[in-house]
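The values are calculated or read from the model by the stated rules, or taken from the named source; none is laboratory data. Since the structure is predicted, the reported quantities are computational estimates derived from the model, not experimental observations. A quick note on method: Cβ atoms are made from the backbone with ideal geometry, for glycine too, and the neighbour counts reach across all protein chains shown. To get the accessible areas, we keep the full protein, side chains included, count just its heavy atoms, and leave off ligands, DNA and RNA. Shrake-Rupley method; radii C 1.70, N 1.55, O 1.52, S 1.80 Å.
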Amino acid sequence: MSASGGTKAIVAALVANLAIAVAKFVAFLFSGSSSMLAESVHSLADSGNQGLLLLGGKRAKREATPQHPFGYGRERYIYAFLVSIVLFSVGGMFALYEGYEKIKHPHEIDHWYWPVGVLVFAIIAETISFRTAIKESNAVRGKRSWKEFVRHAKAPELPVVLLEDLGALVGLILALGGVSLALLTGDGVWDGIGTLCIGVLLILIALVLAVETKSLLLGEAAGLDEVKKIEAAIVDGETVTGIIHMRTLHLGPEELLVAAKIAVDHDDTAAEIASAIDAAEARIREAVPIARVIYLEPDIYSETQAAKGGDREATPGGPIPPEAAH
């Protein structure tokens, strides 16, 4: 994901949510609708989440230090995880509480045109924000399905914004349904039921975000296509005759660590091996530009060593012996 694309989607969502939050809260003051209060808190929480994503992106750009020699790229994952916590606690749990109170103590909605008008405005604004997120995501997701994109994207910002915007649109429809049923029946319980549904929706989205960002925080390997490119770039068939085993790890969305034990001939000189390693590193960076930290350890190929690394092999096809590289 390009940083500019992610930032554009985040800013679009932030502007939309701030405007919607104010409009919803005004509608709540005039109508007393619990759905509107829950939705205003939802939009306020979303605005805070987009602020967290922007802050995480900024802090991730800091230079590496002796204490953090691999930099701060993973801060983007940390702040994305905080988003899931905020969405769960502030958005989801508050909506559940407010819905319960509304069902327990229902009252009719006053000035119906305020909540209905604001909800229609909010749906339009969220649709524009959602379209921006879809457009920016389409530029980077390639042929992957939306499910695969959300599950396997290494940059967390666009999946987070996509899920937030989708949740916001569905939540607005639920709020509109609850308000409409309360107006048609004269029973404020429907408003509370709509609020409860919004709470359940937000908690489900928060759980999905938490699971996906937890995986990124633990450390994920490069994608299958990137691994294949790195393997092809390492072996030159002359000095570097094979890959004994290899590991990759995302230090951040746009920074990849590559560590590999490579096979060389026993009679190669130190100068030849050093030159071959430098050339292999250059080929790797050309094939996969985000591979910025590369460690290549030369060794004499043996099936025993390859087998020792095979059970933890990050590559899809296992060790690449010298005879397979020619």
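Taking every alpha-carbon pair in the stretch 153-297 and binning the separations at 10 Å intervals from zero gives 10, 27, 18, 14, 11, 9, 6, 3, 1 percent.
Near Val288, no amide H atom lies under 5 Å from its own; only residues 5 or more places off or on other chains count, and H is placed 1.01 Å from N. Across the options Ala222, Ala233, Leu163, the greatest Cα extent toward the positive end of the charge dipole of the stretch 153-268 (unit charges at beta carbon of Lys, Arg, Asp, Glu) belongs to Leu163. Applying a DSSP loop filter and a limit of 16 other Cβ atoms within 10 Å to the trypsin sites (Lys or Arg not before Pro) in the stretch 1-74 leaves Lys61, Arg62. Entry comment: accessible area of the stretch 1-156 is 51 Å² per residue, from protein heavy atoms only and a probe of 1.4 Å.
Our note on the geometry: Cα centres of the stretch 181-221 and the stretch 7-76, 17 Å apart. Checking every one of the GluC sites (Glu not before Pro) in the stretch 193-259 against DSSP loop status and a limit of 15 other Cβ atoms within 10 Å picks out Glu220, Glu238. Once divided by 2.2 N^0.38 Å, the Cα radius of gyration of the stretch 49-109 becomes 1.78. Considering the dipole of the stretch 141-202 built from charges on the beta carbon (Lys and Arg +1, Asp and Glu -1) around the Cα centre, which of Thr195, Phe149, Leu184 is farthest to its positive end? Of the candidates, Phe149 comes out farthest on the positive side.
Within the stretch 1-120, what whole-number % of the accessible surface is contributed by carbon and sulfur, with the 1.4 Å probe and all protein chains included in the calculation? With neighbouring chains kept in place, the figure for the stretch 1-120 is 70 percent. Phi-derived couplings, Karplus 6.51 cos²θ - 1.76 cosθ + 1.60 at θ = phi - 60°, listed residue by residue for the stretch 63-69: 6, 5, 10, x, 6, 10, x Hz, with x used for Gly and Pro.
Relative to the Cα centre, the charge distribution of the stretch 72-217, modelled as +1 at Lys and Arg Cβ and -1 at Asp and Glu Cβ, gives a dipole magnitude of about 920 debye.
Rounded to the nearest 20 debye, the dipole magnitude of the chain is 960 debye, with +1 charges on Lys and Arg beta carbons, -1 on Asp and Glu beta carbons, and the Cα centre as origin. Overall dimensions of the stretch 1-75, expressed as equivalent-ellipsoid semi-axes from the Cα gyration tensor (√(5λ), whole Å, largest first), are 35, 12, 7.
Applying a DSSP loop filter and a limit of 10 other Cβ atoms within 10 Å to the GluC sites (Glu not before Pro) in the stretch 1-91 leaves Glu63. For Leu256, the residues whose amide H sits under 5 Å from its own are Leu251, Ala291, Arg292, Val293, ignoring neighbours fewer than 5 places away on the same chain, with H placed 1.01 Å from N. Within the chain, the selection of entire DSSP H helices by a Cα span of 27 Å or greater along the long axis and an average Kyte-Doolittle value of at least 0.0 returns 3-31, 34-59, 113-141, 157-185, 189-218. If you wrap the Cα atoms of the chain in a convex hull and average its projected area over all directions, you get 18.9 nm². Amide H to amide H distances under 5 Å link Glu220 with His250, where only residues 5 or more positions off or on other chains count and H is placed in the peptide plane. Rounded to the nearest 5, the antiparallel percentage of DSSP beta bridges internal to the chain is 55%.
Counting every alpha-carbon pair across the stretch 1-145, the share separated by more than 26 Å comes to 37%.
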